[in-house]
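Everything on this sheet refers to the single structure shown next.
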């Protein structure tokens, strides 16, 4: 049945070459853990991606219940946690995944760094990777505020004051982030929500696409 | 079938294994989010409590009168008072009728004798939907079934109304 559907589509739009380009490529011996167990270090990039997929999925489902408004944000999260079946698990996935993704990102970066895999001709991909790291930190920072509890509020207060320390533009930067020069409140929450759910994920997808296309074009760096 | 042994090729075996493991991981990942998303469908619907609508039974006449009352509504994390309304009267059998003012066509609000042209009928101003006094929709006007009827009970001479129930089409 599935084969028939596939053939029907393939006959008309010739999709086989497309997925061949994506999926059909050899894994060099030196990155295959079946040959050398120590090659498991090459998994961290893929694991980062896997956790990002978990974050995207769980995040999409969380917005079914979450409200980015200072009156209702905490209440909606509390409702999700206490009244909705499996709500605790889905928020748990997003909460713990946020930490795991940073850990995986660091391990991946360390592997690339200590193997010198960032060297010519792969400098560009290292830079894209660093940008991805910043985007991920931004996602962590903006997501932290969303439950609108005491921890979130004061962490953001501190984060905004760190931004304020930037020479010359610090104050503007803080106002831009918080939506108000003085208050951390209604406008901060909606801003952080928009950044967390639309702007940064957009940047994340674009950078990930570049990151992956570059790997495919340049191949994985050779054995040490 | 031939007696030939059905060999599973290495390629097939790997395909099955990968599909199996991939499917297992995808299922493990998605089961909680999906259960969470469909939770509203699986939640038991709250049984409507009867509310005192502030009308003494002895004051109910044969003339439909609009009654307004408020109930406490819990909507997820949001609790509020919402207004409800009914047209209440006694029919020929001296039975209390409490009809929902929601038109069964597209949900506008109907009124008793809402149009001067149609006395002794419920009238909906949106598309000229009409109902007889007992709530039965008049053939040839947009509504397809009678007005919903509230469950009611009488306690200490006061009228209590519950949920509006659908009645069979005409």
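Summary table below
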quantity	calculated
Filter result (farther than 26 Å from residue B:131 by Cα and in a strand (DSSP E or B)) within the stretch B:57-81	B:71, B:72, B:73, B:74, B:75, B:78, B:79, B:80, B:81
Looking only at the stretch B:77-113, and only at residues there that are surrounded by 12 or more Cβ atoms within 10 Å (Cβ to Cβ) and within 14 Å of chain A (Cβ to nearest Cβ), the one that is nearest to residue A:84 (Cα to Cα)	B:77
The stretch A:165-186, residues that are exposed (fewer than 14 other Cβ atoms within 10 Å of the Cβ) and assigned to a helix (DSSP H, G or I)	A:171, A:172, A:176
Any chance residue A:60 is within 14 Å of another protein chain (Cβ to nearest Cβ), under 26 Å from the mean Cα position of the chain (by Cα), surrounded by fewer than 18 Cβ atoms within 10 Å (Cβ to Cβ) and part of a helix (DSSP H, G or I)	yes
Residue count for the stretch B:46-65, restricted to those that are in contact with a strand residue (DSSP E or B) (Cβ under 6 Å, 6 or more places away or on another chain) and within 13 Å of another protein chain (Cβ to nearest Cβ)	0
Answer from B:114, B:76 - the residue that is modelled with pLDDT under 90 and either in contact with a strand residue (DSSP E or B) (Cβ under 9 Å, 6 or more places away or on another chain) or more than 27 Å from residue B:54 (Cβ to Cβ) (or both)	B:114
Some residue of the stretch B:30-45 being away from every other protein chain (no Cβ under 14 Å) and out of contact with any helix residue (DSSP H, G or I) (no Cβ under 7 Å at 6 or more places or on another chain)	yes
Residues within the stretch B:128-154 that are loosely packed, with under 13 Cβ neighbours inside 10 Å, more than 21 Å from the chain's Cα centre (by Cα) and in contact (Cβ under 8 Å) with a residue 24 or more places away in the chain, tallied	2
Boolean, residue B:53 is in contact (Cβ under 8 Å) with a residue 40 or more places away in the chain and in a strand (DSSP E or B)	yes
From A:51, A:77, A:101, residue being away from every other protein chain (no Cβ under 14 Å), part of a helix (DSSP H, G or I), touching a residue at least 40 places away in the same chain (Cβ under 8 Å) and crowded, with 17+ Cβ neighbours inside 10 Å	A:101
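The values are calculated or read from the model by the stated rules, or taken from the named source; none is laboratory data. This one's a predicted model, so the numbers in the text were calculated from it and none came from an experiment. Cβ sites come from the backbone with ideal geometry, for glycine too, and all protein chains shown count toward neighbours.
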